[in-house]
Amino acid sequence: MINYKIIIFFLFLPSFIFAQIGGNQTYKFLELTNSARAASLGGSIISIKEADLALTYHNPALLCDTMLNNLVLNYVNYFADINYGYLAYARNYKKIGNLSIGLHYINYGNFLETNELGEKLGEFKAAEYAFNFIWANKLNNFISYGVNFKPIVSNLEHYTSIGVAIDAGILYENEKHLTNIAFVIKNFGTQLTSYTENNREKLPLELQLGVTKALEHAPFRISIVYRHIENWNLRFDSPSEATTTNIFNEKPKEKTEISKFSDNLMRHLVYGIEFIPFKSFYFNFSYNHQRRMELSLQQIGGTTGFSWGFGLNLARFNLAYGRAAYHVAGASNHFSFSTRIKK
């Protein structure tokens with residue numbers, strides 16, 4: 001029989017290859033970007049406060065009463081026939097606060113099962129699910145807070161694991177200065193049952209800080225997110241880079257401590273800008289330095305690390321599209337649809 005641990009490793013590879021701190025954690029699908037709007041803003045956006053239920057997956061404090069009876073459907077055409085998405089619905093109760101229930105899933109597809117001789121034995125599937133139970137409320141006119149409780153089920157061939165995670169977020173809104181500040185703790189939790197006996201794995205815990213600033217006399221809104229507060233060093237110096245030469249047969253210069261510091265700092269930051277000429281339309285553009293440094297080719301960078309997208313906010317429903325470039329060989333396409341269900 002073939003070693004299915006190798007197969008499982010390559011199944012997870014697209015989702016954690018850009019994070020060098022990964023590889024020693026489980027349920028990495030929790031880090032995937034669902035919202036088309038969030039994808040077009042670099043994959044991490046936690047401080048934009050609008051009636052967009054899809055954004056609450058990234059920060060539960062964004063859930064508010066304007067999302068009453070909203071239904072959102074997200075779908076992502078990922079790599080190698082992998083697809084994933086998110087379905088959520090929101091309600092509001094005066095005495096309790098804002099509530100939302102959702103499902104985040106990823107389907108890795110069907111795989112051929114063979115033995116060491118290549119003989120076909122059958123097929124198997126791989127998929128993972130995370131239920132989302134979000135509760136949010138306001139402390140005062142400036143501060144909102146929220147919690148997302150996430151039971152997790154992972155089924156990879158005949159290996160099954162069950163876990164639980166919690167997201168907690170807080171949002172500060174200053175309408176006078178058109179500024180939002182947010183802080184989120186993501187995926188704090190544990191495995192309840194592991195894939196194999198006595199082999200508990202860590203969850204992809206992450207702390208994020210985000211700021212969004214709208215310009216008073218221009219239709220632009222700028223967002224910056226500082227990712228992985230819990231881990232300063234995100235750099236990885238590949239030994240092959242020291243021996244690789246460019247087209248002029250020149251070896252790369254040795255990096256100084258200042259350049260290493262600035263490069264590491266940039267890997268924490270995700271920059272996004274929104275152009276909003278009308279209330280019913282927006283166009284987004286962003287840059288993710290960590291993604292570009294760790295996924296672009298040494299000779300050809302292309303658009304790796306850049307993302308873009310647009311959205312239409314119509315009377316009865318909202319549509320959004322986002323495209324994120326992970327490599328010169330391809331990009332992910334994100335689609336979001338939301339509507340308000342009448343009583």
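Every number in this text was worked out from the coordinates using simple rules, so none of it is lab data. Quick caveat: nothing in here was measured; it's all calculated off a predicted structure. As a convention, Cβ positions derive from the backbone with ideal geometry for all residues, glycine included, and neighbour counts pool all protein chains shown.
Along the chain, the exposed loop sites are chymotrypsin sites (Phe, Trp or Tyr not before Pro) outside DSSP states H, G, I, E and B with at most 13 other Cβ atoms within 10 Å, and the longest stretch free of them is 1-141.
Say R0 is 30 Å: what FRET efficiency, to the nearest 0.05, do PHE133 and TYR172 get from their beta-carbon distance?
The formula returns an efficiency of 0.80 here.
Amide H contacts of TYR282: GLY311, each under 5 Å away and 5 or more positions distant or on a separate chain (H built 1.01 Å from N in the peptide plane; Pro and chain starts excluded). When you work out D = kT/(6 pi eta Rh) for segment 40-99 at 37 °C and 0.692 mPa s, using the Kirkwood radius from C-alpha pairs as Rh and the Stokes-Einstein form, the result is 258 µm²/s.
Give me the orientation-averaged projected area of the Cα convex hull of segment 256-330, in nm², one decimal. Before the final figure, lay out each step's value.
On the way: hull surface 25.6 nm².
So the mean shadow area of the Cα hull is 6.4 nm².
Net charge in the neighbourhood of PRO204 (other residues with Cβ under 9 Å of its Cβ; Lys, Arg +1, Asp, Glu -1) is +1. Among the trypsin sites (Lys or Arg not before Pro) within segment 75-173, those in coil by DSSP and having at most 11 neighbouring Cβ atoms inside 10 Å are LYS94, LYS95.
The residues neighbouring PHE131, those whose beta-carbon lies less than 15 Å from its own, together hold a net charge of -1 under the Lys/Arg +1, Asp/Glu -1 convention.
When the pairs LYS94/LYS150; LYS49/LYS95; LYS138/LYS186 are compared against a 29 Å limit on Cα-Cα distance, every pair falls at or below it. For segment 127-138, the Karplus equation 6.51 cos²θ - 1.76 cosθ + 1.60, evaluated at θ = phi - 60°, returns couplings of 7, 9, 9, 9, 7, 10, 10, 9, 10, 9, 7, 10 Hz by residue, with Gly and Pro reported as x. Rounded to the nearest 0.05, the FRET efficiency derived from the C-beta distance between LEU87 and ALA329 at R0 = 45 Å is 0.90.
Each residue of segment 100-106 is assigned a 3J(HN,Hα), and the resulting list reads 8, 10, x, 9, 10, 9, 9 Hz, derived from the Karplus form 6.51 cos²θ - 1.76 cosθ + 1.60 (θ = phi - 60°), x at Gly and Pro. In this rough spin-label picture, where each label sits 7 Å from Cα along the Cβ direction, the GLN298-ASN140 distance is 5.6 nm. The slack between GLU50 and ASN24, meaning 0.36 nm per residue of separation minus the straight C-alpha distance, is 5.8 nm.
3J(HN,Hα) couplings calculated from phi for segment 312-329 with the Karplus curve 6.51 cos²θ - 1.76 cosθ + 1.60 (θ = phi - 60°) are, in sequence order, 10, 9, 9, 5, 9, 7, 10, 10, 8, 9, x, 10, 10, 8, 9, 6, 5, 7 Hz; Gly and Pro show x. Of the GluC sites (Glu not before Pro) found in segment 115-153, those in coil by DSSP whose Cβ has at most 15 other Cβ atoms within 10 Å are GLU116, GLU119.
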